[in-house]
Amino acid sequence: MAIQKWPDGLPRSGNQIFDTLKSEDNWFEIFQINESTFAFLEPHHDEEVFSYLLLGGNRAALIDTGMGVSNIRIEVENITHLPVIVLNTHTHFDHTGGNFRFNNIACFDDNFEIKNLNKGHSKQFCRAFMQPGSYQNLPSDFKPDEYNIQPSKITRKLKHLDKIDIGDRVLIVHHTPGHSPGSVCIEDKKHGLLFTGDTYYRGTLFLHLPGSNYGKFVESCDYLLSILDNIEALCPGHNECYAPKDDIVLLHKTINDITHDQIEFEIDSGSKFFQCDHFNLRLPVT
């Protein structure tokens with residue numbers, strides 16, 4: 001099944017099942033997954049990135065902060081006045097753009113991820129992601145030529161299986177390298193949700209980027225399959241905010257088939273491109 005490209009695929013079916021909240025800025029669409037979980041989509045850019053707000057008894061967790069095109073903190077504060085800890089699933093530009101607006105930032109303890117947050121991403125680097133045709137309906141005060149990701153001050157370095165207690169809600173950090181060295185998935189034990197970042201989403205998974213490692217990704221798929229009994233559903237980092245956990249079973253099978261040369265690919269844009277059901281993969285040409 002071919003994945004419809006942005007913006008033709010909007011609105012995506014995995015988002016339409018949820019009620020929406022009014023946003024301060026039309027750059028965001030906000031979906032309410034349950035009484036204490038909210039998904040922030042940036043539908044006007046071809047990244048279609050998601051950030052997630054999780055409310056606990058005494059604080060809130062914001063899983064990723066999006067592209068930084070508009071002020072995600074205002075959207076968060078319209079929902080809650082709880083103190084917020086930001087949990088970055090990884091540190092690519094489209095997941096850390098709003099970090100600078102918060103004081104409490106956590107990412108996995110990995111040099112690649114820490115360097116990204118400490119340095120941010122320059123205008124020169126970000127220019128490639130603000131080309132004409134990659135966006136629409138930008139906020140009136142946003143200047144594409146000035147787009148950059150400001151540095152973040154890290155206040156907590158996460159380890160595998162770390163627990164973050166936000167009050168009557170415990171989040172577990174699962175290290176799942178592959179897309180990047182310090183990529184993590186975050187498990188919400190209370191609701192059985194797994195926030196997968198860029199380790200999995202219904203779209204094209206990138207395993208050919210600087211810092212990507214296909215061998216580690218294979219191991220991460222094995223690991224995710226081993227914890228799947230604890231999971232009810234997935235909340236991915238792009239395109240659709242809700243996916244069945246059986247997508248991980250399909251991902252695991254697909255990766256196994258690729259490893260054993262049982263799936264055909266084409267060379268496209270300097271990478272191996274595999275078209276699969278619900279997702280595609282880009283691997284390096286070796």
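The values are calculated or read from the model by the stated rules, or taken from the named source; none is laboratory data. Owing to the predicted nature of the structure, the values given are computational and were not obtained by experimental measurement. For neighbour counting, all protein chains shown are included, and Cβ atoms are generated from backbone atoms with ideal geometry for every residue, glycine included.
Values for this structure:
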| quantity | calculated |
| --- | --- |
| Only one of Asp229, Asp247 that is over 16 Å from Ile3 (Cα atoms) and at pLDDT 95 or above | Asp229 |
| Some residue of the range 148-162 being under 29 Å from Val69 (Cβ atoms), among the hydrophobic types (A, V, I, L, M, F, W, C) and in a loop (DSSP other than H, G, I, E, B) | yes |
| Failed item, numbered, when Pro210 is tested on (1) touching a residue at least 12 places away in the same chain (Cβ under 8 Å); (2) under 19 Å from Asn88 (Cβ atoms) | (1) |
| Looking only at the range 204-226, and only at residues there that are aromatic (Phe, Trp, Tyr) and more than 17 Å from the chain's Cα centre (by Cα), the one that is nearest to Glu47 (Cα to Cα) | Tyr214 |
| Test for Lys123: is it free of Cβ contacts under 8 Å to residues at least 12 places away in the same chain, surrounded by fewer than 19 Cβ atoms within 10 Å (Cβ to Cβ), out of contact with any strand residue (DSSP E or B) (no Cβ under 9 Å at 6 or more places or on another chain) and not β-branched (Val, Ile, Thr) | no |
| Selection count, the range 79-114, where residues are in a loop (DSSP other than H, G, I, E, B) and either buried (at least 24 other Cβ atoms within 10 Å of the Cβ) or small (Gly, Ala, Ser) (or both) | 7 |
| Residue that is surrounded by the most Cβ atoms within 10 Å (Cβ to Cβ), among those in the range 264-286 that are of a type in the set (Val, Ile, Thr) and at pLDDT below 95 | Val285 |
| Close pairs from the range 17-30: first part of a loop (DSSP other than H, G, I, E, B), partner surrounded by 16 or more Cβ atoms within 10 Å (Cβ to Cβ) and small (Gly, Ala, Ser), Cβ under 7 Å, at least 6 apart | Asp25/Ser70; Trp27/Ser70; Phe28/Ser70 |
| Residues of the range 185-194 classified as touching a Leu at 6+ places or on another chain (Cβ under 7 Å) and either farther than 20 Å from Asn58 by Cβ or assigned to a loop (DSSP other than H, G, I, E, B) (or both), total | 2 |
| Criterion violated by Phe40 - all others in (1) in a loop (DSSP other than H, G, I, E, B); (2) under 25 Å from Asp247 (Cβ atoms) satisfied | (1) |
| Conditions (1) within 17 Å of the chain's Cα centre (by Cα); (2) touching a residue at least 40 places away in the same chain (Cβ under 8 Å): number failed by Asn104 | (1) |
| Members of the range 47-59 that are of a type in the set (A, V, I, L, M) and surrounded by fewer than 24 Cβ atoms within 10 Å (Cβ to Cβ) | Leu53, Leu55 |
| Lone unmet requirement of (1) part of a strand (DSSP E or B); (2) buried (at least 19 other Cβ atoms within 10 Å of the Cβ); (3) in contact with an Asp or Glu (Cβ under 9 Å, 6 or more places away or on another chain) for Gly182 | (1) |
| Of all residues making up the range 21-42, the number that are modelled with pLDDT of 95 or more and surrounded by fewer than 14 Cβ atoms within 10 Å (Cβ to Cβ) | 2 |
| Residues located in the range 245-286, provided they are closer than 17 Å to Tyr223 by Cα, in contact (Cβ under 8 Å) with a residue 40 or more places away in the chain and of a type outside the set (Val, Ile, Thr) | Lys245, Asp247, Leu251 |
